[in-house]
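What follows is a single structure, written as structure tokens, with notes after it.
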Amino acid sequence: MHISLVIPLLNEEASLLELHQWVSEVMTSHNFVYEIIFIDDGSTDNSWRLIEHLTSKDSSVKGLKFAANFGKSQALNAGFKKAQGEVVITMDADLQDSPNEIPSLYKMIVTDGYDLVSGWKKKRYDSKIRKNIPSKLFNWAARKTSGIALNDFNCGLKAYRLKVVKNINVRGEMHRYIPVLAKNAGFANIGEKIVKHQARKYGVTKFGMERFVNGFLDLITIWFVSKFGKRPMHLFGLLGTCMFAIGFFAAFTIGFLKLLNLYYYQRPAPLVADSPLFYISLTTMILGTQLFLAGFIGELVLRSKNNSANYTILEEL
Ligand code: UDP
Ligand code: MG
């Protein structure tokens, strides 16, 4: 099978038939052997009935129905588990992504050898203030922390080599950072393709302003996890040791000055608690111990969970 199309959706009844029609046209005109996997992420409208109808008349359509709205990341993850095509392409269900891009995305994976190709909505048809400007900032931060040169991390239209989707786990709200997950799993050949974007034709956006708060928090998490997730002690241990050293040095200075005053200059020394160094040593030693403990606990947590997925096997003979 050439292509698995993975389409997560939440209440998109108005777009589904048109989308299916368009995708089928593109696929048959290029003679692709393909499957379309719709993942109904807890829709409350007619979406699932439409998917049932599509599966009954088109054998390349498959459907998964979530029991509730678990989120786009989970929907993608479920689709990735099921996908069988040599190339897996994800797409939003709201007709904002154009199926006409499928053949060139497929070619970039198969011929040009990319592991992942991400769409770039260079000319974007969404609200400027609510989406375009915040997303510029967001993409800049994602580029800086991940070192991946993409302009549009969160584009729904992406193509993957099958191995990539089988070796990543899209948890939480991490669908915005799939390129980072792929890079962490060892698939660093990541490309970008400018894609045509359209304004939403039917229905409304399913993500509000909270996407930016959550998006930035997730970015910090993924940065931390990819850098120190497997070795928390290297960060906390270092910080803790530095803090503790500063505190120890401050305490030593206080003691030294006290003795110097008492025995060398033979004069009454100021109280230890009057010195600013006293407070510095107090706080830094306490903080240092706590950081160190955080590192230890992080290591214990890592040891206690089953870490089977800490590596990716590319080939086996
Ligand atoms: N979606 C989903 N689960 C959710 C939210 C959204 O499966 O909890 C789907 C939605 O139906 C659409 C895609 O994810 O197919 C992108 O959502 P949307 O178009 O609302 O996002 P936007 O284009 O506004 O960024
Ligand atoms: Mg959309």
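The values are calculated or read from the model by the stated rules, or taken from the named source; none is laboratory data. None of the values given here were measured: they were computed from a predicted structure. With ideal geometry, Cβ positions are generated from the backbone for all residues, glycine too; neighbour counts draw on all protein chains shown.
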Residue among 168, 222, 178 that alone is of a type in the set (A, V, I, L, M, F, W, C), under 15 Å from the mean Cα position of the chain (by Cα) and within 16 Å of ligand 1 (Cβ to nearest atom) = 178
inquiry  = Which of the numbered conditions does residue 301 fail, given that it passes all the others? Conditions: (1) assigned to a helix (DSSP H, G or I); (2) in contact with a Phe, Trp or Tyr (Cβ under 9 Å, 6 or more places away or on another chain).
reply    = (2)
ask   = Of the residues 269, 294, 251, which is surrounded by 15 or more Cβ atoms within 10 Å (Cβ to Cβ) and part of a loop (DSSP other than H, G, I, E, B)?
value = 269
query = Could you list, in sequence order, the residues of segment 131-187 that are modelled with pLDDT of 90 or more, among the aliphatic types (A, V, I, L, M) and out of contact with any helix residue (DSSP H, G or I) (no Cβ under 8 Å at 6 or more places or on another chain)?
reply = 162
key: Residues of segment 116-142 classified as part of a helix (DSSP H, G or I) and either without any contact (Cβ under 8 Å) to a residue 40 or more places away in the chain or not hydrophobic (A, V, I, L, M, F, W, C) (or both), total   = 12
message = What's the number of the only condition in (1) among the hydrophobic types (A, V, I, L, M, F, W, C); (2) out of contact with any strand residue (DSSP E or B) (no Cβ under 9 Å at 6 or more places or on another chain); (3) farther than 30 Å from residue 110 by Cα that residue 10 fails to meet?
response = (2)
query = Being surrounded by 19 or more Cβ atoms within 10 Å (Cβ to Cβ), within 24 Å of residue 204 (Cβ to Cβ) and β-branched (Val, Ile, Thr), is that true of even one residue in segment 47-65?
reply = yes
note = When every residue in segment 126-157 that is away from ligand 1 (no atom under 14 Å from the Cβ) and charged (D, E, K, R) is compared, the one surrounded by the most Cβ atoms within 10 Å (Cβ to Cβ) is 143
message = Please verify whether residue 200 is within 16 Å of ligand 1 (Cβ to nearest atom), of a type in the set (D, E, K, R), in the same structural domain as residue 148 (by TED's automatic domain parsing) and assigned to a helix (DSSP H, G or I), treating the condition exactly as stated.
response = no
query = So which residues in segment 54-102 are away from ligand 1 (no atom under 13 Å from the Cβ), out of contact with any Ser or Thr (no Cβ under 9 Å at 6 or more places or on another chain), among the hydroxyl-bearing types (Ser, Thr, Tyr) and touching a residue at least 24 places away in the same chain (Cβ under 8 Å), if there are any at all?
reply = 98
ask   = Among the residues of segment 203-219, which ones are touching a residue at least 24 places away in the same chain (Cβ under 8 Å) and either buried (at least 16 other Cβ atoms within 10 Å of the Cβ) or in a helix (DSSP H, G or I) (or both)?
value = 203, 206, 212, 214, 215, 216, 218, 219
ask   = Just a yes or no: is a residue in segment 8-23 in contact (Cβ under 8 Å) with a residue 24 or more places away in the chain, on the phi > 0 side of the Ramachandran plot and either in contact with a Lys or Arg (Cβ under 8 Å, 6 or more places away or on another chain) or not polar (S, T, N, Q) (or both)?
value = yes
task = For segment 297-317, enumerate the residues that are surrounded by 14 or more Cβ atoms within 10 Å (Cβ to Cβ) and over 30 Å from residue 244 (Cβ atoms).
result = 312
query = Can we say residue 113 is touching a residue at least 60 places away in the same chain (Cβ under 8 Å) and either small (Gly, Ala, Ser) or not assigned by TED's automatic domain parsing to the domain that holds residue 176 (or both)?
reply = yes
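Each row is one residue, and each column tells you yes or no for (1) within 16 Å of ligand 2 (Cβ to nearest atom); (2) within 24 Å of residue 155 (Cα to Cα); (3) not aromatic (Phe, Trp, Tyr).
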position	(1), (2), (3)
3	no, yes, yes
16	yes, yes, yes
19	yes, yes, yes
22	yes, yes, no
29	no, no, yes
46	no, no, yes
57	no, no, yes
